[in-house]
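> Sharing a structure here in structure tokens format.
A short reminder: the numbers here are calculations on the coordinates, not readings from a lab. None of these values were measured; they are calculated from a predicted model.
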Amino acid sequence: MKSVGIFGASRLSLAILLLLASVVAISGAAEAQNADCTVEGLLSLPDVRITSVSSETSMAPHCKVAGVIGTETNFELLLPDNWNGKFVMGGGGGFVGSVVNTALLFGALQKGYATVGTDTGHQAHSLDASWALNNFERVVSFGHQAVHRTAVTAKALTTAYYAQEISRSLFTGCSRGGGQALMEAQRYPEDFDGIVAGAPAYNWTVELGARNARINRAMYPDPSDLSLAVITPKLQQLIGNAVLKQCDAIDGLEDGILNNPIQCDFYVTSLACNGAKAETCLSEQEVSAARAIYDDLYINGERVWPGFPAGDGDKADACRSEEEGNAARAIYVDLYINGERVWPGFPAGDELDP
């Protein structure tokens, strides 16, 4: 395996290769389990520090190994007592910021998989990106390197712990985890035998930089007050009810579910107030905010990103900033790259090119 990482990844990969070459593989199921949940003395890797080891019974009896790679890439590796010989890594979501392992949602541990997750090299709210300012190492770790280094480290620990080669290694992730999956497939194809990339968030420049900027600026026209969004939960419900009223029966059954939202030809302008503002209609400002969520994004006449489908009302939740750290708070903040101010925050009232 050729190391393509930085910040010590080359030394780490070499050490792991030497370790794996010295491990004796035992055929069949893992018969010799490490009943004492001990990893001390099994191996020593450069830039890897084990911070805690404990026997756990939640989900399934297992040994939980927590550690740090490099300066601040945290990981948690779960090693089941009844190992099936396989390994799966679960991805994260948003900007991550804590150890996340989505493979646990699918019962990976209960099914006998050794499994690992990482915080991708920083500790923060999952919707807060302030950690990236003046820290290129964190940006690279989040972008791709932390998942790779965690995978290599965790697989080496797993092999040493069970004294047996891993029969199959997998990665699964959705949203940001799906983007991590694509990065693994492109940059580190030897890390896993199989990769699942669910709903990958991959074009962050357009998706976050352009689409979310348009949405959040429509939701918060006054940057000095991010306490209340234009589309409130009550208005969100109004839009959702209108979508169901128009499109619920398209699939032949009125059950409160849109089987295929793309088939719903719904326009929020149909809810615009004809006269005075009322609870059953949307003001001009509210229509504009709703359209920012559901309409396709065009820049200089070119369609660059699709809008959210009709009925996907929870996206209004994602665009409100009542929760500390929401991306809406970053739209009006100056942009810095490598510590240099390269672009001012958007002033109130600015509009993207329709």
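> Quick one: what are the phi-derived ³J(HN,Hα) couplings along the range 36-43, Karplus 6.51/-1.76/1.60 with θ = phi - 60°, whole Hz, x for glycine and proline?
8, 6, 10, 10, 4, x, 5, 6
> Given the range 9-202, what percent of its DSSP beta bridges are antiparallel, to the nearest 5?
Of the beta bridges lying entirely in the range 9-202, close to 60 percent run antiparallel.
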